[in-house]
Amino acid sequence: MMARAAIATMLLCALPFLAPSSADAGAQQTGALPRGGSYVLSPDTTVATAAIGLWFRAPAAGYDNATVGIANLAATAAAVAPLASGKSLYALVHTVGGELNIEVYPDIIGIGAVVPAAAARRVVAAMTAAYFVPTIDDAGVKTARANAAVLGVQQRYEADTTLHDLLFAQLFKAGPARFPPLPSAVSQLTSISTAYVGAYAKRAFRASNAVLTLSGNIDPSTVTAVTDGNGAGAMDGPYDSTPASGPQPITVRGAIDGVGLAWIGPSIADEKAATALDFVADYLFREQTGILWKAVDRDVPDALVIGQFITLHDPGVMIVTIGGTGEKQVEQQILDGLDRLRQPLDAQTFAAAREAFLYHVASDTQTPAQRADNFGWYSVEGDLEYAPGIPDGKYEQLARALDPAYVADVVRRYLGAPVTVELVAPPPQKSAS
């Protein structure tokens, strides 16, 4: 949902597989896995699919924050390594007609699969075997390097992703958030040895560092399919990053033009303020309905604006990226719109916006995959009970309790002068006549 932003996503299977949605999921259940780690289960027998996720706390640039790309290599190599059955996790999910995604964030690694309900138990067993006892060999790392290289080229032509990485590097002076999940040069990937990737995988993917999330048409007994793990132990503490003092605006040469703005926000522990900034992002920037999104679409139709509050353990980040054309005009519209929110909205406008926000939260947490992702993200960031999509849960209660004066106060406290990054593409070369 809007509180999450994928900084790097690796799509390993892309077969179309539509998951029916339902708003009638059962209450989530939690517990300990038999061989280390924990699980969150949200069954919903009205749908035909199951969503399965494994979430780990791990710094994407390595435990020394000096090996950019290692998390991508480790997560992909584990997914393509043959298991005891002879098939890899990737091959199994592909065979049953499902979809497998690997998402790497600065402080988190998430593995997610959406599969037919009948295959859920097999996939749980395979996924936990692939990661709790990872086999990292030269062939898997070679595949992972090729996959990461392609993804890296794609991202250079995506203003939103490039600006995310640049803004985080400006916002933070230390910690995993300062480093992109993928390096800018392929040579940095080839310099990471298979042995080093294997050592990282063994540490990051141990069962005691994992949260298994299960949603959709899945039997509670499916957790007994987990037969691997390193035994009881504690999950790593959150990998927080240190904000920079007085970060300066920068201009960077890139493949395409763009402008990014970012602000340090509240930690997940300040749930009410975090919810207020989710509301602000929804009210201003949600596609099709956000008031600034609509204004930009009307005035500068070739521009693309994406805005969201990213809920993190400490601190969160508000980020807005602008691509397309007319970036400077759009930037001023955004700053003017935020300035207006420093004063409380009138009661009628606010009530309508809050109801729209609640509707959007509900619509963004309907499918098994959405619920499994939210449970994984908020568990690893340190506050499962705050996860959006829990019926009558803490998030919904806080959203309903928002009022105009409080939201205006949060905007004044957190959304002052932004950190800005301008991405500038080189001028096109004239062809020789």
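The values are calculated or read from the model by the stated rules, or taken from the named source; none is laboratory data. Since the model is a prediction, treat every value here as computed from it, not as a measurement. Counting neighbours? That spans all protein chains shown, and the Cβs are built from the backbone with ideal geometry, glycine included. Heavy atoms of the whole protein, side chains included, go into the accessibility calculation; ligands, DNA and RNA do not. Shrake-Rupley method; radii C 1.70, N 1.55, O 1.52, S 1.80 Å.
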Notebook entry, point to check: Out of segment 363-372, which residues are surrounded by fewer than 19 Cβ atoms within 10 Å (Cβ to Cβ) and not in a helix (DSSP H, G or I)?
Noted result: D364
Checklist line | Of all residues making up segment 67-96, the number that are among the hydrophobic types (A, V, I, L, M, F, W, C), at pLDDT 95 or above and open to solvent by 10 Å² or more (accessible area, probe 1.4 Å) | finding: 6
Item checked: In segment 157-187, the residues that are touching a Gly at 6+ places or on another chain (Cβ under 9 Å) and small (G, A, S) -> A159, S184, A185
Next item on the list: With the checklist (1) surrounded by 21 or more Cβ atoms within 10 Å (Cβ to Cβ); (2) in contact with a Gly (Cβ under 9 Å, 6 or more places away or on another chain); (3) not in a helix (DSSP H, G or I) in hand, flag the one item R35 doesn't pass.
Entry: (1)
Notebook entry, point to check: Which of the residues spanning segment 227-243 are at pLDDT 95 or above and not polar (S, T, N, Q)?
Noted result: M235, D236, G237, P238, Y239, D240, P243
Notebook entry, point to check: With E103, E99 as the choices, which residue is open to solvent by 10 Å² or more (accessible area, probe 1.4 Å), under 13 Å from A74 (Cα atoms) and at pLDDT 95 or above?
Noted result: E103
Notebook entry, point to check: For residues in segment 131-170 being touching a residue at least 60 places away in the same chain (Cβ under 8 Å), open to solvent by 40 Å² or more (accessible area, probe 1.4 Å) and touching a helix residue (DSSP H, G or I) at 6+ places or on another chain (Cβ under 7 Å), which is farthest from G323 (Cα to Cα)?
Noted result: D137
Checklist line | Residue among D299, D257 that is more than 20 Å from the chain's Cα centre (by Cα), open to solvent by 10 Å² or more (accessible area, probe 1.4 Å) and touching a residue at least 40 places away in the same chain (Cβ under 8 Å) | finding: D257
Next item on the list: Just give me the residues in segment 412-428 being among the hydrophobic types (A, V, I, L, M, F, W, C) and either farther than 21 Å from F172 by Cα or surrounded by fewer than 13 Cβ atoms within 10 Å (Cβ to Cβ) (or both), in sequence order.
Entry: A417, V424, A425
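Okay, residues lined up against (1) in contact (Cβ under 8 Å) with a residue 60 or more places away in the chain; (2) assigned to a loop (DSSP other than H, G, I, E, B); (3) not hydrophobic (A, V, I, L, M, F, W, C):
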| site | (1), (2), (3) |
| --- | --- |
| L345 | yes, yes, no |
| Q348 | no, no, yes |
| A351 | no, no, no |
| A356 | yes, no, no |
| V361 | yes, no, no |
| N374 | yes, no, yes |
| P388 | yes, yes, yes |
| A405 | yes, no, no |
| L423 | yes, no, no |
Next item on the list: Specify the residue that is farthest from L100 (Cα to Cα); the eligible residues are those in segment 171-188 that are open to solvent by 20 Å² or more (accessible area, probe 1.4 Å) and over 17 Å from the mean Cα position of the chain (by Cα).
Entry: K173
Next item on the list: Would you mention how many residues in segment 117-164 are closer than 20 Å to A75 by Cα and charged (D, E, K, R)?
Entry: 5
Check: Does at least one position in segment 315-327 carry a residue that is assigned to a helix (DSSP H, G or I), more than 22 Å from L398 (Cα to Cα) and touching a strand residue (DSSP E or B) at 6+ places or on another chain (Cβ under 7 Å)?
Finding: yes
Check: Of all the residues that make up segment 260-277, how many are of a type in the set (S, T, N, Q) and either assigned to a helix (DSSP H, G or I) or without any contact (Cβ under 8 Å) to a residue 40 or more places away in the chain (or both)?
Finding: 1
Margin query: Can you say whether V115 is crowded, with 24+ Cβ neighbours inside 10 Å and under 18 Å from K202 (Cα atoms), as far as the supplied structure shows?
Written below: no
Next item on the list: Just give me the residues in segment 317-336 being polar (S, T, N, Q), in contact (Cβ under 8 Å) with a residue 12 or more places away in the chain and either surrounded by fewer than 19 Cβ atoms within 10 Å (Cβ to Cβ) or farther than 17 Å from L166 by Cβ (or both), in sequence order.
Entry: T325, Q329, Q333
Check: In the list D314, D339, which residue meets the criterion of being under 28 Å from I102 (Cβ atoms), open to solvent by 20 Å² or more (accessible area, probe 1.4 Å) and at pLDDT 95 or above?
Finding: D314
